[in-house]
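**Q** The structure follows.
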Amino acid sequence: MTLAALTIPLAPPTDDALLARFAQGDRAALDDLFRRYRGVAYRVAYRLLGREADALDAVQDGFVNALTHLDRFGGRSSFKTWLLRVVCNAALDIGRQRKRHERVPQAPRDASPDRFGAGDPAPADAELVRADLRRAIDAALARLPVAQRQTFVLHVEGELTYREVADALGISIGTVMSRLFYARRRLKDLLAGYRQP
């Protein structure tokens with residue numbers, strides 16, 4: 001048996017370890033941290049905005065804001081929760097700016113929220129069905145009140161627990177549960193007429 005066979009792969013460093021390395025001057029640690037969360041941040045921004053260009057802008061703005069105000073991260077929540085809150089706020093700001101400039105809402109038409117995720121290529125017809133379903137879901141999400149959409153997206157796309165969503169939005173767990181209940185009920189109603197081709 002060789003030494004290489006005995007080597008045990010190291011677990012990736014925790015967020016706290018990466019933040020500590022960054023505090024000691026290791027800029028690569030911050031790059032690793034943002035690389036870890038760019039996919040989920042993009043999915044959250046995309047589901048809130050429905051357009052790839054806007055989602056990419058929101059992720060960039062959110063990451064710049066997070067870097068600029070890293071001293072505001074007090075560790076009261078996980079770094080992921082805090083970062084998604086910053087990205088979520090950036091997405092909402094972009095959404096408000098867009099509404100001031102556009103009078104007619106546009107249906108989402110850009111790439112999927114899985115842009116940064118790995119996946120197996122699907123057959124062409126399956127991809128069309130998925131794209132059609134994504135458009136229907138995006139249109140339904142756009143019709144939710146902002147607070148419900150934000151809560152739903154952070155929980156589903158951001159993969160945050162109820163507690164983490166509550167921390168990110170500064171609301172109670174009961175409010176999270178209520179918003180999710182009404183969001184799911186509204187989405188169910190909005191998607192009731194959807195038929196797969």
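The numbers here are math on the coordinates, done by the rules we state, and not lab data. Bear in mind the structure is a predicted one, so any value in this text is a computation, not a measurement. Cβ placement follows ideal geometry from the backbone for every residue including glycine, while neighbour counts extend to all protein chains displayed.
**Q** Return the whole-Å distance between the Cα centroid of segment 131-154 and the Cα centroid of segment 179-194.
**A** A separation of 9 Å, based on Cα centres.
**Q** Please work out the Kirkwood hydrodynamic radius for segment 5-85, using every pair of different C-alpha atoms, and report it in angstroms with one decimal place.
**A** Kirkwood radius, segment 5-85: 13.8 Å.
**Q** Once both labels are modelled 7 Å past Cα along the beta-carbon direction, what's the Ala192-Leu67 spacing in nm?
**A** 4.8 nm
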